[in-house]
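Accompanying notes for the structure given below.
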Amino acid sequence: MRDADPPGGHGHLWPTDGATRWSRRVLRAIAWLIPAGRREACLEEWEAELWQLRTGDVGVAPAAAFLAGLTIHGLWEWKEGWRMESIVQDVRFAVRTLTRSPGFALAATLMLATSIGASTALFSVLEKAVWADPRFPESERLVVVDQLFGQTPETMGPARWSYPRFRDLAEEVTSLQSVGGYRARTMTLSEMGDPAVVSVETITPSLLPMLGVRPYLGRTFGPEEEDDGTPAMRALVSHGFWQSRFGGSPNAVSAVLTLDGLRMQVVGVLPADFDGITGGVDIWVPMSALRIIGDPGYLEDAWNLHFQVIGRLRPEATLETLRGELQSLAARMGDRYPAPEGASRLLAGADVLSYREARINPLARASMLALFGAVLLVLLMATANLAGLVMARGATRVREAAVRASLGAARSRLVRQFMTESLILALVGGVAGIALAGFGVNLLGTWLSNALGTTGGRELQYLNPAALGIDWTVVAFACILTACVGVAFGLVPAWQGSRADPTTAMRVGRTQTLGNRWSGLPLGRNGLIAVQVALAMVLLSGATVMMNGLRTMQEVPLGYDRENLFTALYTLSPADELAGIDPGGFHTGFLERIRAIPGVDHATLGEVPMGGPTWRNLVLSSEGRPDLTPATHSWVRILPVADGHLEALGIELVAGRGIDATDEVNSELVVVLNELAAQEYFPDGGAIGRRIRIAWPELEVEGARVVGITKDAQMGEVGAPAERQAYVSIRQAPRRSTGVMIRSTRSTADLARVVRGALAAMNPNTALTSVMSMEDRLASVTARPRVVTAALGIFGSVALFLVAAGLYGTIAFTVVRRTRELGLRLSLGAEGSTVLGLVLRQSLAVTLLGLGLGVAGALILARALEGVAFGNEPLTLVDLLVPSAVLFAVALAAAWIPARRALSIDPMVALRTE
Amino acid sequence: MGRFIGVTSITILATLEGRRCYGLDIIDRTALLAGTVYTTLRRLEARGLVTGQWEDAVVAEAERRPRRRYYVLTPAGAEELAVARARLAGVVAGRAEEPVGKPRSA
C-alpha cells in the first residue's frame, strides 16, 4: 500500500565484514516469506534498519535479535498470506481438476487408502502389543524375575519359582517394591449344566495391586488370602465371565462357584480390559488354594518350581542393582534349600528382564516388525507411483502452469495449487485408510494373536485382541503418514510446475514437454520406477525366504503319522481323587470305552504331540552308565502312555517291545526309551533288559527295566532339537491329566461328540479339552510363519501390480510425448522392430537398474528375516532368480502394450498434430 | 473495526504521537521485540491507524544511508489512541466494564 517505487541508486556503503554479509543473506531469505507483492518494499525497509544496526557501534547481538524478530514476523506474514480466500479457491480448483480425471483420482485414492489403512492397522497392533502395555500403569517399571539353574554356567536356563523361594524374594530383595506370582491352569466348572473348562490363574494376593489392577466390583485378594497354612477358597471373576455367567448381576460378589469339585466364593469382578497376565483368563484363585487344588506340598517344597514371578522396581532402583541383589539371594537360597537327591550340583542364579521385553516372543516381535516394514515399503511404492502419475500429469500441465504464470500467478501460488491437489488426494485416501484400519484392526488382531501365540515358557500374554482399536495415537499416526505422503508426492510436481518458464512452455507444442528425450522429467519418473522395481524385488524375495522356511518346516520328520489322528486332553480333578477315583483305573476304563467306538482303528492315552501334558525329570542312574552321577545327570521327557501307543501313533519300534497290556500295576516296572535316550544311557548298546532310575515317584527307588527302543518322535514344537524320551505305563505311573489319541477316518467333530459321551458316562465332572485333529495342531504351529509368508506374498503382489502400472504409465507417456519423432522415423522408413526396440529399451534399462538395487535390498532383508523364517536357510541364487524373472516378465509386458501403440502411429497424423 | 486495541498497539500509537518513527526507532523507544513491532505495525496499517511513508531519497543520499520508511499516525489512529487512553484511565481508576484488549462484541 502507498508504496512509492524505491529510487534506483543508493549513495550508501555496506560494511564488508562477514557478520554483515551473513545478516543480509538471512534477511533476504526471510523476505521470501512475505507475499510477492510486498516483498521488495519490506526488504528495502529492513535493509535500511539492518544497515543502521551494522554501521552503529553496537556489536552483533542487536542485529541477531533483529533478525530473529523478523523471522517470527515473516512467519506471521506467511500464515496471513495463506489465510486469504485463495485457499478456498485453491481447493475448489483442485477438486475441479481432480473430478475432470476421475480415473486418476480413484486410482490414487484406492492406492493410498489401502496402503495407509494397512500401515495404520499394523501400527495399532504394534503400539498396543510391542511398544507398550496400556493395561498397567508405569509398565516400564515391571520386571520378570527368573531363577536360573544348570549344571554349567553355559547351560543355565530359566526356571520357575516355588512358594518358599518366592517368600524369600519378597522379603529380602529391596530393589523390588513388590512382587507377584502367577500360574495359568485350566479347571472344570461344574455347577450348572455341562461341565465347562475355564481358564484360571492362581495368583499371589500381591499380584493385582502390584500391576495396578483395581476391582470393577467387590475387592481383589488381600491379606485374608495370604497363605497361612489353610487354603483360601475364594475367587475373582473376569468382566466377561461375570457378564455371561451372572448376567452382570451385582449379586455375583459372594456367589459360589464349583471348580474342580471344590466350592469357591466370588469376592470380586475385575475390569473389562484385564483378562489376566496370560490372557483369556475367566477366574483367579489365590495361590493358597493350591494346598487343595495342587499336589500336596505344593507350597512347602522349595524344589516344587511351579509359578512365574513379576515384580515392580522401586523408582530409584535399576535392573543392575536388582540383578546384583538377586545373585546374592540365589547364593543364600542355595545354602538354605539343600537340593533333592540328584540335583546337588546344580548351579543357581537369577535373572531379570523388563516386562516389556519379556512380554513379546522375539519371533513374534521380529515377525510383526517385518510385516510393518513390508507395509511401509508398499506405502512408499504407492507414494512413488503417485508422484510418477502426478508428474506425468504435471508434465502435460506445464503449459497450464505457464499460462497461469504468465497471467501473473505468483510462483508460491502455483506451488500451493499443486500441493493442494496432492493434499486433497492424500486426505481422501487417509480418511478412507483410517476407516479401513478400523475395520481391519480387530481382524488383524485376532489373526495375529492366534498365529503368534504366547511367549512360550513365561506364559505372558502379549496381545489382547479386545484391547485393539483405533485410538488417538493411531489416528495421529495416520494423519502424520497422510500428511507426509501428501507432501511427498505433491512436492515434486509442485516444484516442476512452478519452474515453468512461460515463454519456453508456450512455445513448445501440445504433445511435447520441456527437456530433451531422456533427460529432465522422464529421468525422475524412470528413477521412481527403478525404486519400485527394487522394492518389489525385496518383498518378493522376502516371501520366497519365508516360503522356503515353511517348506523346510513341513518336511521335518515328525516320527509319527499325522494323518487321521484325533487328539484331545482331559484332567481328573483333585476332588475326584478325594472321592476315591483312581486315575490309573479311570484311564484304563475310559480307553476300553473309546476302543469300542465303531470306526476307531487305534486308540491310546499319553502326551499329545505339541499338546501336552508334558513332564520332564532327571535320570538318576543307569546300569549302562556307571559313570552317571548326580552331577552329570540329564533330563528326560517322561511319557506315561497306554498300551498300543506306538501302533496308534505310528512310531517305529527299533528293538524289543512297546508298553503293552501286561504292564499292570503289580507287574514289574518297565520303560521304553527312544534311540537318543538309549544311546545316552546305554552307550555300549544292549539297553534291553537292563535297569534305569528316574526321578519320578514310581521309578525313583527301584528303577525300571528297559523293554524296548523306539525311533525319536517329535513331541514338542516342530524343529525343536530331538529330546531323550522314556515311555512308561500309564497304569504303573498314572497322572491325573492325559491326552487321548484316536486313529480313525471319522471326522473330528463326530469323534469329539462320541468321546465326550464316553467321558461323561464315566465321570460327568470331567471335560474334554483341546480337541483338534493332529493336522490342525501342526497347522496352528505353522500359523505364524504362514501369516508372515502370506502377508509378504500379498504385499509383493501389490508391489508387482504397482510396478506394472507405473511402467505402463511411463512408457505410454513416453510414446505419446514422442509421437512426432516416432512418426517421423516410421515415415522415413525405420523398421517396426527398431522403433519397438527403441521404446522397450527404456523400460528394460529401468527394470535392470531396479533389479540390481533390489538384489542388494533382498540380501539385507534375508539377514533381517533370520530368526523369523524357519531353518535360517541362506538366500540362494534361485531364490533371487525367480522373483527377478517374474518382475522382468511383468515389466516387459507392461511396456509392450504402449510400445505396440508406437508402431501403429500414422506418420501423417503424427506430423499433423502440430 | 469494532475492536479494542491491545496494550502493544497503544504503546506504538503513543510512540508515534506527534512524531514520525522508523521501525528500529520504535523498537528502541518501546523496548518491544522486532517481531512484535513489525507484526503490530502491519496490523495497525491494515486498520488505517498508522501509515508508512518512504523518506525522501535526497535526504537519505545526503546522509549516505539507505532511505528509511517512517510511520505516522493517521487521524483515525489519533482518535483510537484518545479512546484507548480514556479506557486505560478508567481501568486504572477501577471503572472499567471490560478488560483492556478484549474484543468488543459490536
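Data for the structure
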read-out: Looking only at the range B:58-88, and only at residues there that are of a type in the set (A, V, I, L, M, F, W, C) and farther than 16 Å from B:Arg20 by Cβ, the one that is surrounded by the most Cβ atoms within 10 Å (Cβ to Cβ); value: B:Ala84
read-out: Some residue of the range A:49-64 being within 11 Å of another protein chain (Cβ to nearest Cβ) and within 54 Å of the chain's Cα centre (by Cα); value: yes
read-out: Test set (1) in contact (Cβ under 8 Å) with a residue 12 or more places away in the chain; (2) farther than 24 Å from A:Trp14 by Cα - B:Arg67 fails condition number; value: (2)
read-out: Residues satisfying the stated conditions in the range B:43-57, i.e. surrounded by 19 or more Cβ atoms within 10 Å (Cβ to Cβ) and at the interface with chain A (Cβ under 7 Å from one of its Cβ atoms); value: B:Gly52, B:Trp54
read-out: Yes/no for A:Thr114 being facing another protein chain (nearest Cβ under 9 Å) and of a type in the set (Val, Ile, Thr); value: no
read-out: Top-ranked residue in the range A:1-30 [being away from chain B (no Cβ under 12 Å) and closer than 18 Å to A:Gly69 by Cα; ranked as modelled with the lowest pLDDT]; value: A:Ala29
read-out: Every residue from the range A:885-907 that is buried (at least 23 other Cβ atoms within 10 Å of the Cβ) and either touching a strand residue (DSSP E or B) at 6+ places or on another chain (Cβ under 8 Å) or over 28 Å from A:Ala830 (Cβ atoms) (or both); value: A:Leu887
read-out: Matching residues, the range A:590-631, being assigned to a loop (DSSP other than H, G, I, E, B) and over 39 Å from the mean Cα position of the chain (by Cα); value: A:Ala596, A:Ile597, A:Pro598, A:Gly599, A:Glu623, A:Gly624, A:Pro626, A:Asp627, A:Leu628, A:Thr629, A:Pro630, A:Ala631
read-out: Filter pass, A:Gly69 being without any contact (Cβ under 8 Å) to a residue 12 or more places away in the chain and within 12 Å of chain B (Cβ to nearest Cβ); value: yes
read-out: Checking A:Ser519 against (1) modelled with pLDDT of 75 or more; (2) within 30 Å of A:Leu491 (Cβ to Cβ), the condition it does not meet; value: (1)
read-out: Index of the failed condition, A:Ala677 passing every other in (1) in a loop (DSSP other than H, G, I, E, B); (2) out of contact with any helix residue (DSSP H, G or I) (no Cβ under 9 Å at 6 or more places or on another chain); value: (1)
read-out: Test: residue in the range B:12-33 that is of a type in the set (Val, Ile, Thr), within 12 Å of chain A (Cβ to nearest Cβ) and crowded, with 18+ Cβ neighbours inside 10 Å; value: yes
read-out: Evaluation of A:Pro493 against (1) crowded, with 24+ Cβ neighbours inside 10 Å; (2) modelled with pLDDT under 80; (3) under 29 Å from the mean Cα position of the chain (by Cα) (one fails), failing number; value: (3)
read-out: Condition check for B:Arg67: in a helix (DSSP H, G or I), of a type in the set (Lys, Arg), in contact with a His (Cβ under 9 Å, 6 or more places away or on another chain) and within 8 Å of another protein chain (Cβ to nearest Cβ); value: no
read-out: Residue that is under 24 Å from A:Gly650 (Cα atoms) and either part of a loop (DSSP other than H, G, I, E, B) or more than 40 Å from the chain's Cα centre (by Cα) (or both), where the choices are A:Met715, A:Met741; value: A:Met715
read-out: Lone qualifier among A:Arg38, A:Arg28 - being under 53 Å from the mean Cα position of the chain (by Cα), surrounded by fewer than 19 Cβ atoms within 10 Å (Cβ to Cβ) and of a type in the set (Lys, Arg); value: A:Arg28
read-out: Unique match (being of a type in the set (A, V, I, L, M) and more than 24 Å from A:Leu53 (Cα to Cα)) among B:Ala78, B:Ala62, B:Ala57; value: B:Ala78
read-out: Among residues of the range A:757-772, those that are buried (at least 18 other Cβ atoms within 10 Å of the Cβ), touching a Leu at 6+ places or on another chain (Cβ under 8 Å) and either modelled with pLDDT of 85 or more or assigned to a strand (DSSP E or B) (or both), counted; value: 2
read-out: Single residue of A:Ile651, A:Ile709 found to be at pLDDT 90 or above, more than 22 Å from A:Leu620 (Cβ to Cβ) and touching a strand residue (DSSP E or B) at 6+ places or on another chain (Cβ under 6 Å); value: A:Ile651
read-out: Filter pass, A:Gly871 being assigned to a helix (DSSP H, G or I), at pLDDT 75 or above and touching a helix residue (DSSP H, G or I) at 6+ places or on another chain (Cβ under 8 Å); value: no
read-out: Residues located in the range A:710-754, provided they are within 18 Å of A:Phe566 (Cβ to Cβ) and of a type in the set (Ser, Thr, Tyr); value: A:Ser737, A:Thr738, A:Ser744, A:Thr745, A:Ser747, A:Thr748
read-out: Residues of the range A:127-156 that turn out to be modelled with pLDDT of 80 or more and under 30 Å from A:Asn385 (Cα atoms), as a count; value: 0
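Quick grid of which residues meet (1) closer than 26 Å to A:Val281 by Cα; (2) within 16 Å of the chain's Cα centre (by Cα); (3) modelled with pLDDT of 75 or more:
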| residue | (1), (2), (3) |
| --- | --- |
| A:Ile434 | no, no, yes |
| A:Val441 | yes, yes, yes |
| A:Leu444 | yes, yes, no |
| A:Gly457 | yes, no, no |
| A:Leu463 | yes, yes, no |
| A:Leu468 | yes, yes, no |
| A:Thr473 | no, no, yes |
| A:Cys484 | no, no, yes |
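The values are calculated or read from the model by the stated rules, or taken from the named source; none is laboratory data. Note that the structure is predicted; figures quoted are calculated from it, not measured. Cβ sites come from the backbone with ideal geometry, for glycine too, and all protein chains shown count toward neighbours.
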